[in-house]
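Novice: Here it is, the structure in full.
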Amino acid sequence: MASPMALAEQYWTAFSTGDTAKLNDIINDDISFEGPMVQLSGRESFMQAMTGMAQTWKCSHEPIQRVEDGDTAVMLYDFVMTEPVKQTVRMTEWFRTRDGKLSEIKLLFDTAKFTSPADM
């Protein structure tokens, strides 16, 4: 069974490469996502949102710090987007796992420093 940090890394690799099949494989049916701009609950709404972003955003993350504790992992990283908007924003993401899959994700960042491609 993958560790919480390994699942967090798989999530980021899948998102940044547009591998939505992998994203779907590593989440629980009752996944919950909470961010400053969106809250999602359940596989269907999560995958719909992630698929839309993964297909249009060209991005990566540059990890600064990683911490794992029990069934949780936390990453502090620079989110680097090259398309459709060029920007770098410092973010923190908290992950909880259950049964070897991601069950909760909480994303924190300063929205004043983020240009949403949806607003363009």
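The values are calculated or read from the model by the stated rules, or taken from the named source; none is laboratory data. Predicted, not measured: the structure shown is a model, and the values here were computed from it. Neighbour counts are summed over all protein chains in view; Cβ atoms, including those assigned to glycine, are modelled from backbone coordinates with ideal geometry.
Novice: Pairs please, first residue from region 92-113 and closer than 11 Å to THR72 by Cβ, second anywhere and in a loop (DSSP other than H, G, I, E, B) and charged (D, E, K, R), Cβ atoms under 8 Å, 6+ apart in sequence or on different chains.
Specialist: Note: pairs meeting the criteria are ARG96/ASP71; THR97/ASP71; ARG98/ASP71.
Novice: Moving on. Does VAL38 satisfy being within 17 Å of PRO117 (Cα to Cα), at pLDDT 90 or above and in contact with a helix residue (DSSP H, G or I) (Cβ under 8 Å, 6 or more places away or on another chain)? Outline the logic, then answer.
Specialist: Numbers: within 17 Å of PRO117 (Cα to Cα): yes; at pLDDT 90 or above: yes; in contact with a helix residue (DSSP H, G or I) (Cβ under 8 Å, 6 or more places away or on another chain): yes.
Spelling it out, VAL38 is indeed within 17 Å of PRO117 (Cα to Cα), at pLDDT 90 or above and in contact with a helix residue (DSSP H, G or I) (Cβ under 8 Å, 6 or more places away or on another chain).
Novice: Tally the residues that are exposed (fewer than 12 other Cβ atoms within 10 Å of the Cβ) and touching a helix residue (DSSP H, G or I) at 6+ places or on another chain (Cβ under 8 Å), restricting the search to region 101-115.
Specialist: Residues in region 101-115 being exposed (fewer than 12 other Cβ atoms within 10 Å of the Cβ) and touching a helix residue (DSSP H, G or I) at 6+ places or on another chain (Cβ under 8 Å): 0 in total.
Novice: Being over 18 Å from ASP19 (Cβ atoms), polar (S, T, N, Q) and surrounded by 15 or more Cβ atoms within 10 Å (Cβ to Cβ) narrows it down to one of SER45, SER60, so name that one.
Specialist: Details: SER60 fails: over 18 Å from ASP19 (Cβ atoms).
That would be SER45, the only listed residue that is over 18 Å from ASP19 (Cβ atoms), polar (S, T, N, Q) and surrounded by 15 or more Cβ atoms within 10 Å (Cβ to Cβ).
Novice: Which of the residues spanning region 74-87 are loosely packed, with under 12 Cβ neighbours inside 10 Å and modelled with pLDDT of 90 or more?
Specialist: Going residue by residue through region 74-87, those that are loosely packed, with under 12 Cβ neighbours inside 10 Å are 83, 86.
Within region 74-87, LYS86 is the sole residue that qualifies.
Novice: Another question about this same structure. Being in contact with a strand residue (DSSP E or B) (Cβ under 8 Å, 6 or more places away or on another chain) and either hydrophobic (A, V, I, L, M, F, W, C) or outside any strand (DSSP E or B) (or both) is the filter here, so list the residues in region 58-71 that pass it.
Specialist: Residues satisfying the conditions are CYS59, ILE64, VAL67, ASP71.
Novice: In addition: Report whether or not LYS22 is farther than 16 Å from ARG96 by Cα, out of contact with any Gly (no Cβ under 8 Å at 6 or more places or on another chain) and at pLDDT below 90.
Specialist: Considered against the rule, which asks whether it is farther than 16 Å from ARG96 by Cα, out of contact with any Gly (no Cβ under 8 Å at 6 or more places or on another chain) and at pLDDT below 90, LYS22 comes out as no.
Novice: Can you say whether PHE79 is in contact with a strand residue (DSSP E or B) (Cβ under 8 Å, 6 or more places away or on another chain), more than 20 Å from SER3 (Cα to Cα) and not in a strand (DSSP E or B), as far as the supplied structure shows?
Specialist: When the stated conditions are applied, PHE79 does not pass them.
Novice: Can you run down the residue pairs with Cβ atoms below 7 Å, 6 or more apart or on separate chains, where the first is in region 58-86 and small (Gly, Ala, Ser) and the partner is in a strand (DSSP E or B) and buried (at least 16 other Cβ atoms within 10 Å of the Cβ)?
Specialist: Taking only residues 6 or more apart or on different chains, the pairs are ALA73/PHE95.
Novice: Here's a follow-up. State the number of residues belonging to region 1-32 that are touching a Phe, Trp or Tyr at 6+ places or on another chain (Cβ under 9 Å), among the hydrophobic types (A, V, I, L, M, F, W, C) and surrounded by fewer than 16 Cβ atoms within 10 Å (Cβ to Cβ).
Specialist: Adding up the residues that qualify gives 0.
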